[in-house]
Each structure stands twice: as structure tokens, then as C-alpha cells.
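K.L.:
Provided herewith is a single structure, encoded as C-alpha cells, for subsequent inquiry.
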Amino acid sequence: MMDLRVLMLIGGLSSPLSGAEGSGRASAEWVAASAACKPASALQTAIRLTVDPGWHSYWLNPGASGMPLRVEWELPAGWTASDLAHPVPERFDTGGLAGFGYEGTVWFPVTVTAPANFTERASLKARLSWLTCNETSCLPGNAELTLEIDAGPAAPTAHADALRAALLKLPRSANDLVKLRVTEKQDSLLLTIEAHASHPLDLTHREVFPATPEIIDSAAVIRFVKQGAAWTAEVPKSEYAPTPVPRLTLVIAGDAKAGPIELTWTAD
Amino acid sequence: MKPLITAVVAALAAIGQPAPDFNARSAKGEFISLSDFKDKVVVLEWVNFGCPFVNKHYASGNMPKLQQTYTAKGVVWLSINSSAKGKQGYLDPPEMAGLAAKKGNQASHLLMDTDGKIGRAYGAKVTPQMCIIDKDGTLVYDGAIDSMATTDAKDVTSAEPLFVNALDAVLAGKPVANAKNKPYGCGVKY
């Protein structure tokens, strides 16, 4: 126990300016686009998680095993925080189990909103816990992060540009222009995607991920092929899929021409 | 070239079907068969003390307490180590027995499934994964220990105890409501 505390202390001292807190195989930091915000306004922030080389963290849908990033907010009265937004993940095969997650440094944007009576300074806290795994083992980690915000007009920080870039990497909901339909078969699901005529869509080389856990078998590679005006893919159901399938959200990675999108289907 | 055998092979075990028989040496060197326990309720618990999800349930005392409580009710509790030699979680049997004792393991037996035969027959994917076999030898539960897929010991008390609910139903002679659900944990190191 003592060893761990000494190690964390050394880690803290060696990077006094970064504010990154680490344990296990990753470290985390909470950064904002601006050092200040006005009352009753929103501020763009992000949790930045950096995982050691050779290890990975997990997406919202971690796949066959693993654990998503978990956050508990401790905010002053009147403050609110959005959910953590997750960028498009990568696919991992760890000892025969398919998983979705991230290597290296990943930004998880979150918007915080100040109350109308915000004056002076606020101290926001987030307790973060994560799981990192490599080919052979898994290690949990956690961090208690603090974000200090002054009341006042926006004052861009050194992180503002990187945060803007992180937002562009997030899948955008495209449900208004692109329709996902799911037809249930015995052991598989037929996925159909149809885009509005004004919004041509090419899914030929785009990677697709199931954001809703345990509807599609995590090991299945989802490839859409063009059939007339629509794109279709038949995928194996997860052995834990409820019958009937109530809902499915897919994340489709971007390509050179288009950014990542998110599509949701809900049973009638 | 030998075909690559992965963990993703069709399991023989299925809910509502006869539980596949197996035999293995325990960490203490006893020869154990499932058929030794006819007319008993048998619990299978996949274990790997290098896994933080397993340690959550040992550090919190939850797993030892369940082992003690239910073996006292006549349940046969088999902890199973399916880690292959050289993989995480594998120890030579005497060392494994020693570590299990240190962690507070109170299972009836701790089986060394080093070749992964039992794990594959039951489709064990993660540690801790839990199975229940009823008195008639039928597999009646295959799933998670509880509803919170985290590594934090303090979540044990707030989680829905899926496995305990199932085991209580089996002991009361009632049907199991959530017989197959997704277990959480670290991949079994076949």
C-alpha cells in the first residue's frame, strides 16, 4: 500500500503543471477550452485519458469483456455536466474476446453549465475509474480530478484548439437524414441503411461499431453492401440479445469525405 | 499446420440441458469428477487471482462468504482455474492452493483446468463467470455474479445479486428467472 502512495506522490511531483493523475496503466486530466465562463452559460471541457503503450481502455460498449470509463461528478450547487462523449473506438481481439476501445491519448468531451448565480470561482470534481488491458492482463485505475473555473468572459486556454479538434472526431447523430432499420431473423439481424437523396452515403470502406452492447455479436465485423438505393448488412446476434431486440445504435467511422455518424433504430 | 484453437468454440453446455461431465485434479491433487456429486447442487466459479474483477469479490469478502454460506447448505462449490501454463493466473497446483487459501477461498474444491477442457465445454469467457447445476444434473444458470461490471469492491453491496438470486431459486426448487446473462470480468486465459 505504502509503495503505491509514494509512487503516486512522485508521479504528482514530476509533472506539477499538467495536473494529470495516474494509477494502473493510465493517467487522466480534466481540461477546459476557457479558464472562465459567465453565469448560466456552458463551457466545453474534456477528460483526457492517456494509456501506456501496449495497453488499451474501453468504449461505451466494451465488447465481450472490459469496462467503460466511469465518472462520478461532484459539482457545486447549480452546476450540471453532460454525459462523457466518446470518439469512434478501435477494435481489439484480446485472447479470443472481441472488444472496443482506445490506445494512446483520447479526449472525452463533456459540457459543464454554470448556474445563473455563478460568481468568483468554482471548483468542480470528477472521480474517474477505468480499466486498461493488454494481451495478457487487465489493471484498473482511478483518478480524482479537479477543474477550477473563474466567473467572467471567456479566456481561451492552451487546450482550446485541441478540444475543437476532439469535438470534430465525435460521431454526430444523422437520424434526420439517414434511416437505420433492423429486421430480426432467427440468429441474425438484417441491418438496412437508407440515406435521404440530398445526402449521398458511401459505406464501402467505412468501419461500423455497435454502440448498444450485446445486440450484435461483438466479434462480428459489420460490412455494408449496396443493394439498390439502400445499404445492407446481415450480422450475427449476440447470444445475450433480448427478444425482440428493442433498440440499436450504430457508430459509423468517418472517411476522407465524411465525418463519423451515429444512427439509432428503435422497435415500434 | 495445427489449426488455431481459440476460446470462441461452440460450448457443449446449454441452459436446460444436462451439464457436460468433466474431471480434473484439484490444486490439492484430488481427482474430482462432476459425477461424484450426483443429487447435489453444484456451483462452478471461474477464478483467476490476477484479475481485478475476481479480486473485487475476494477483497470485499463477497466470494468467500458466498462459498461458506452455500457449502454449509450442502452446495458443492467448484472454483475452476482454466489459465493455461505460462498464462496469467496459472500457478503450480501447490502454489495455487496456497494463494487460494490466502485469498480466503472456501470452495469445496479448486480445480486445475490447465488444458481448458472444462472452460471450453461450458463456454467460460471471463473470470468470474458463474454456473449452477441443479440436483438433476441440469445446467440452470450461466452468467454474471452480479449486475455491476466494475472492479470497485464497494459496488458489491449495491449491485443486483444475479447469481445469488439464481442459487436461492434453485435451492427453493423454483425456476431461475435470468438463467443466461452476460458475465463480466477478464477473459479466461486459455
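The values are calculated or read from the model by the stated rules, or taken from the named source; none is laboratory data. These figures come from a predicted structure and were not determined experimentally. Because the Cβ atoms are built from the backbone with ideal geometry, glycine has one as well, and the counts that use them run over all protein chains shown.
K.L.:
Which of the following residues is in contact with a helix residue (DSSP H, G or I) (Cβ under 9 Å, 6 or more places away or on another chain), within 14 Å of another protein chain (Cβ to nearest Cβ) and under 25 Å from A:Y240 (Cβ atoms): A:P140, A:P210?
P.N.:
Residue meeting the stated conditions: A:P140.
K.L.:
For region A:214-243, give me each residue that is more than 14 Å from chain B (Cβ to nearest Cβ), assigned to a loop (DSSP other than H, G, I, E, B) and either charged (D, E, K, R) or under 25 Å from the mean Cα position of the chain (by Cα) (or both).
P.N.:
Residues satisfying the conditions are A:I222, A:R223, A:F224.
K.L.:
Of these, A:L189, A:L147, A:L168, A:L201, which one is closer than 30 Å to A:W55 by Cβ and surrounded by 13 or more Cβ atoms within 10 Å (Cβ to Cβ)?
P.N.:
A:L147
K.L.:
Turning to a different aspect of this structure: Is it fair to say A:W59 is surrounded by 15 or more Cβ atoms within 10 Å (Cβ to Cβ) and either within 14 Å of chain B (Cβ to nearest Cβ) or in contact with a Gly (Cβ under 6 Å, 6 or more places away or on another chain) (or both)?
P.N.:
Taking the combined requirement at face value, the residue satisfies it.
Conditions (1) free of Cβ contacts under 8 Å to residues at least 40 places away in the same chain; (2) more than 13 Å from chain A (Cβ to nearest Cβ), marked per residue:
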{"residue": "B:V75", "(1), (2)": "no, yes"}
{"residue": "B:S79", "(1), (2)": "yes, yes"}
{"residue": "B:A84", "(1), (2)": "no, no"}
{"residue": "B:L91", "(1), (2)": "yes, yes"}
{"residue": "B:D113", "(1), (2)": "no, yes"}
{"residue": "B:K125", "(1), (2)": "no, no"}
{"residue": "B:P128", "(1), (2)": "no, no"}
{"residue": "B:C131", "(1), (2)": "no, yes"}
{"residue": "B:G187", "(1), (2)": "no, no"}
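K.L.:
I'd like to know if region A:233-241 contains one or more residues that are surrounded by 19 or more Cβ atoms within 10 Å (Cβ to Cβ), of a type in the set (D, E, K, R) and under 30 Å from B:I15 (Cα atoms).
P.N.:
Taking every residue of region A:233-241 in turn, at least one turns out to be surrounded by 19 or more Cβ atoms within 10 Å (Cβ to Cβ), of a type in the set (D, E, K, R) and under 30 Å from B:I15 (Cα atoms).
K.L.:
Same structure, new question: Return yes when B:S35 is more than 16 Å from the chain's Cα centre (by Cα) and surrounded by fewer than 15 Cβ atoms within 10 Å (Cβ to Cβ) and no when it is not.
P.N.:
Against the criterion (more than 16 Å from the chain's Cα centre (by Cα) and surrounded by fewer than 15 Cβ atoms within 10 Å (Cβ to Cβ)), B:S35 qualifies.
K.L.:
When you scan region B:27-54, how many residues do you find that are more than 20 Å from A:M67 (Cβ to Cβ) and of a type in the set (V, I, T)?
P.N.:
Qualifying residue count, region B:27-54: 4.
K.L.:
Just the residues that are among the polar types (S, T, N, Q) and surrounded by fewer than 20 Cβ atoms within 10 Å (Cβ to Cβ), please, taken from region A:62-87.
P.N.:
A:T80, A:S82 - these are the residues of region A:62-87 that are among the polar types (S, T, N, Q) and surrounded by fewer than 20 Cβ atoms within 10 Å (Cβ to Cβ).
K.L.:
Hey, does region A:90-99 have a residue that's in contact with a Cys (Cβ under 7 Å, 6 or more places away or on another chain) and at pLDDT below 95?
P.N.:
yes
K.L.:
Next question. Filter region B:159-185 down to the residues that are without any contact (Cβ under 8 Å) to a residue 24 or more places away in the chain and either acidic (D, E) or more than 13 Å from every other protein chain (Cβ to nearest Cβ) (or both) and list them by number.
P.N.:
B:A159, B:E160, B:P161, B:N165, B:D168, B:A169, B:A172, B:G173, B:K174, B:P175, B:A177
K.L.:
Further question on the same structure: Counting only residues that are among the aliphatic types (A, V, I, L, M) and in a strand (DSSP E or B), which one in region A:72-120 is farthest from B:G123 (Cα to Cα)?
P.N.:
Filtering region A:72-120 for residues that are among the aliphatic types (A, V, I, L, M) and in a strand (DSSP E or B), the one farthest from B:G123 (Cα to Cα) comes out as A:V112.
K.L.:
Name every residue in region B:27-73 that is touching a residue at least 60 places away in the same chain (Cβ under 8 Å) and among the aliphatic types (A, V, I, L, M), in order of residue number.
P.N.:
B:A27, B:I32, B:L34, B:V41, B:V42, B:V43, B:L44, B:V47, B:V54, B:A59, B:M63, B:L66
K.L.:
Sticking with this one: Out of the residues in region A:89-132 meeting the condition of being of a type in the set (D, E, K, R) and more than 14 Å from chain B (Cβ to nearest Cβ), tell me which one is nearest to A:W30 (Cα to Cα).
P.N.:
Looking at the filtered set, the residue picked out is A:K125.
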